[in-house]
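The values are calculated or read from the model by the stated rules, or taken from the named source; none is laboratory data. Worth saying up front: this structure is predicted, and the values here are computed from it rather than measured. Cβ placement follows ideal geometry from the backbone for every residue including glycine, while neighbour counts extend to all protein chains displayed. Ligands, DNA and RNA are stripped out before the accessible areas are found, and what is left, the full protein with its side chains, is counted by its heavy atoms. Shrake-Rupley method; radii C 1.70, N 1.55, O 1.52, S 1.80 Å.
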Amino acid sequence: MDLAMLGLMNQLAWRSLWSHRAKSLVVGTVIALGVFILVLADALLDSIYDGMESSITSSITGQLQLYDKEAEDKLSLMGTLGNFLTQPHFGQIDDFEIVRHTVEKHPNVAAVIPMGTDSALIFSGNNMDQALQELRDALHLLAPLHSNQIMVALQSPIARVQAIIEHLNHEYKLIAQVTGQSKSTAAAMKNLKIVSAEDFWQQFALTPEPQLQFLDTRIAPLMDDSIPVFLELLGTDLERFQTHFGRFKIVKGAPVPSGRRGLLINDFQYEKIMKDRMARVFDSISELKASENTRIEENKALQDYINRRSKEYKKWILSFDGQTAETIAVELRQFLGLPKASLEILIPRFMDLTDDNFERRKTFFYEKIRPEIKLYPVNIGDDLTLNKFGNGDSQRVRLYGTFKFDGVENSGFSGLFHLVDMITFRELHGYLTEQQKIEIAALKEEFSTPEWDRNDVESALFDNAETEIDWSSFDNEFEPNQAPSSGINAEISADFQLNPEGSQSIISQINEAQQRVYPQSEIDRGATVSAAVILKDVSQLEQSEREIAALLDQAGLPVQVIDWQTASGQVGQMITVMKIVLFIFIIFVFSVSMVVVNNAMLMAIINRYGEIGTLRAIGASRNVIMGIFLIESFILTIIASLIGALAGLLFVIYLSHVGIPAPRLEIQFLFGGQRLYPTMNADNLYLGPLVILLVGVSATFYPALLATRVPPVVAMNARE
Amino acid sequence: MEHKSSPDTAQKANPGTTPNTIPTTRSGTAEEIVVLQNVVKQYPLGKVTVEALKGIDLVLYEGEFAAVVGASGSGKSTLLNMIGCVDLPTSGRVFINGIEIGKQNDKELTRLRLYNLGFIFQTFNLVNVLSVFQNVEMPLLLQGNFTRKERLLRVDQLLDRVGLLTHRNHRPNELSGGQRQRVSIARALVGKPKIVLADEPTANLDSVTGKEIIDLMQEINHTDHTTFLFSTHDERVVSRVQRIIPIEDGLLKQPQYNDALNTANALTGTR
Ligand SMILES: Nc1ncnc2c1ncn2[C@@H]1O[C@H](COP(=O)(O)OP(=O)(O)OP(=O)(O)O)[C@@H](O)[C@H]1O
Ligand SMILES: [Mg+2]
């Protein structure tokens, strides 16, 4: 077959396509559409991948994560959500410093940052908390004074705390009468008895901080008006984290000062979850009005939301104390012009928001009501007690501010973590410093652990002299032979025992812990769960991953290296899921185009039966017939693919200008921002047309084969 | 195609002794271009078998202008299909230019048709999406051993001869039936076949046009000595041919020769 014949076949194909243009149009449209969708889907997926990569790597994981080779579970920094009952085992990197030095030898490594996740509860919104905070503040102000003077100056806040203790004592007596003495009730009553005793307060005068901690952790939670706030914490070297995670931004407050202990709360959670629920109604409507020009009248979902929230008025009223309730009632009566109404009427009426009254009510809320209520459960500058979830360990740490990850600040995923310094994290997580390990060992020597009697510890703590209360009766009755866990009492007492100089040193120790500036070496030295590796050149990821693994092996460190996608756990796996979806989609498009092309070609062959016979009769070989049909479908497929790909390209270009708004907050995370601005690269353009070309030609092959079987004799009977 | 040698040089078998029942020739010098020996063709038709050809012996000589004549259903088309190598006999042997077609595979048969046979169809069978020129050019392209210039020359020459040079760029469906059949004739002749087969070429034409077509073919037969074999039951055609091959119910009867009509031409054409 020479070129001229090919030329004729080509011409035959073009003209056949034209003369059967209805068919060509249908087939072409299907193919073009298939390619269009494939090109688009592929480009979007790639862009989402990039968006996610950017979201994840520049906020949490870095490009690579290092963790224990012996870990029983795969490290998943973002995948343990909803799974906190069975804590995964990620093992630990015993000495971060060595790992850091080893990995930093690699020329492509910009930084190695220690990391670990844990969860903690803080109790808030609690009268006791407020009272204790007041007490603490006063204490700080009076710090230079002598202890006797302190007690005099602190009379008022102490009285408030004692009143609450009195109230709790009364409550628990009632509870015990009604429900019997359960183990927890008994424990509560025991703790209340401790703090009701006079020598507790005598001790307070000498060492206020441990006593305050006891009140914080043991008594404050007994107030049932307390709101437990669950915090998923990411412990890290805050200073390096802030430097190397490009999306990190402080929103409110300030960064944790260099080397200090401190907590930064995720602004998304602070605003969207922790903030007062009524305030959030106003915030959300404002946001919707600003971003989407939403009108309440036209938005049924929004109306429902407002309705649901305004039905919570009872809860809201309960959260006011007497004075607040009265103040708010007075304001609202005046504002709404209902001089006699009660809050039960005023609040639902006030929350009946419309487009007309919204702005005025929002202003009123923030001007008049907001100062009366607690807008957030925790305030910036507060010293918070982080209670380790599941056991009694706790750490006090200051909340310095809130932060966000730029571009993904509104996504729930990136609002997952709060940041806490590495020292606090280690202690909360149960990694002991070298010093502590020695102390605990010494402690174990002293009280051979199994027989460790709480009495000894507690009397050591609360009593240099004797106590009137017989603790042991409680203990023996309700907690026989219970060895103290590494609870606060044990720690306090341990400190006490190990510092024979006296209790004054305990305050100084705890204060020191709070105020101390930890040198970098101390932050580095010690254990971590994992470490993020920030690379200089991200495109070298795979190679660097291998080389870093080799470096670690050479150094004999039992540390493995994984990439960000693996490290992010479930979230990272979404990419895989999307790839599978795309693959299924390709198969679907593939099948549909296959069927369409196949059918069209069969139809063409039936229509052109006589023509094929004639060509065969006058001497066209089977190859020529095959060629004619293959060329025909090749041409059709190429043209349709090009049109489809071009349309896809133009559409992606268009989208890259206007952006695709994230339909939901979680999606922002995938999009790497509020809108996805998809980009197109050459790979995206190849895939669709290639797939379809394959489809087109392979779907034609069988019909074309049939065409070659048309016997020449049909030419004789052919009717035009 | 990989080799362009005309297949008439290959596998040239001698059909051997000519059938005895029918006088094979009136001129011992003419070459036997088609030989049929006891050709039987059966068509399975449901449960029964239709025997379209019941044992045909026939020899066609180069330069003949012959017509198979018979009633409808007598087997004319079937016979032409055997000779045209578009269908194979159930039994018996068919030689075209000395090559036995029963022994050829599809590829060889295709080449046999391409180089040795020209077809004129009752229904013209032009490729409607191609121009008149391209339709005629097709066999040359399939043969493949012509330059563009050669093709142009040859096709235009033939189109001129059938009187359609001015229509060379038209589409077949822009032409009348007679014109289409002329294109068809040009296409049949362009590859310089040994024999042109025409199954009822005038059946779809009015009598005047039909006559013109026969005139044209006769003229070509005279000038080029191309062998023509028709099938027809058109009396006007019958009267114009040199040799009449009557067929009845799948069997040939004694051939008749229109000696009065151009006998000399017909015979001298068999050099
Ligand atoms: N493909 C076929 N299948 C079955 N029977 C066939 C087939 N082709 C022809 N026949 C039968 O063979 C016989 C001869 O048919 P053929 O077409 O050769 O006759 P014909 O002389 O050309 O008739 P006509 O003048 O009508 O064209 C007829 O009985 C016909 O029905
Ligand atoms: Mg017929």
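Figures for the structure shown
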quantity	calculated
Ordering of B:174-184, A:541-551 by burial proxy (mean other Cβ atoms within 10 Å per residue, highest first)	B:174-184, A:541-551
Average other protein chain Cβ within 10 Å of Cβ, residues B:241-253	0
Ranked order, A:His429, A:His418 - accessible area, probe 1.4 Å, largest first	A:His429, A:His418
With all protein chains modelled, accessible area of B:Thr90 [1.4 Å, Å²]	70
Most to least accessible of A:Trp14, A:Trp564 (protein chains only, probe 1.4 Å)	A:Trp14, A:Trp564
Long-range amide H partners of A:Ala111 with built H, under 5 Å	A:Ile534
Segment A:613-720, dipole about Cα centre (Lys/Arg Cβ +1, Asp/Glu Cβ -1), debye to the nearest 20	260
Anchor A:Lys173: lysines whose Cα lies under 18 Å away (excluding residues fewer than 8 positions away in-chain)	A:Lys183, A:Lys190, A:Lys193
Prolate/oblate/rounded label for segment A:328-376 (Cα gyration tensor, a/c 1.5)	oblate
Partner lysines for B:Lys54 [C-alpha distance under 26 Å; skip if fewer than 8 residues away on the same chain]	B:Lys41, B:Lys76, B:Lys103, B:Lys253
Ranked packing of A:157-168, A:695-706, A:612-623, most packed first, by mean Cβ within 10 Å	A:612-623, A:695-706, A:157-168
Segment B:126-271, Rg to Rh (Cα coordinates; Rh as Kirkwood inverse mean 1/r)	0.99
Proximal lysines relative to A:Lys311, as straight alpha-carbon distance under 23 Å, when same-chain residues fewer than 8 apart are discounted	A:Lys272, A:Lys275, A:Lys289, A:Lys300, A:Lys340, A:Lys362, A:Lys368, A:Lys374
Test item: B:188-196 mean partner chain Cβ contacts at 10 Å	1
Vicinal HN-Hα couplings computed from phi for segment A:516-526 (Karplus, 6.51 cos²θ - 1.76 cosθ + 1.60; Hz; Gly/Pro x)	5, 9, 7, x, 3, 4, 6, 5, 6, 6, x
Solvent-accessible area buried by A and B, counting both chains, probe 1.4 angstrom, square angstrom	2800
Segment B:156-210: proportion of alpha-carbon pairs further apart than 19 angstrom, %	28
For B:125-138, mean number of other protein chain Cβ atoms within 10 Å	5
Vicinal HN-Hα couplings computed from phi for segment A:597-602 (Karplus, 6.51 cos²θ - 1.76 cosθ + 1.60; Hz; Gly/Pro x)	4, 4, 4, 4, 5, 4
Under-5 Å amide H pairs with B:Glu51, H placed in peptide plane, nonlocal only	B:Tyr43
Note, ³J(HN,Hα) from phi for segment B:173-178, Karplus 6.51, -1.76, 1.60, rounded to Hz, x at Gly and Pro	6, 8, 10, 7, x, x
Segment B:23-112 shape via C-alpha gyration tensor axes, a/c threshold 1.5	oblate
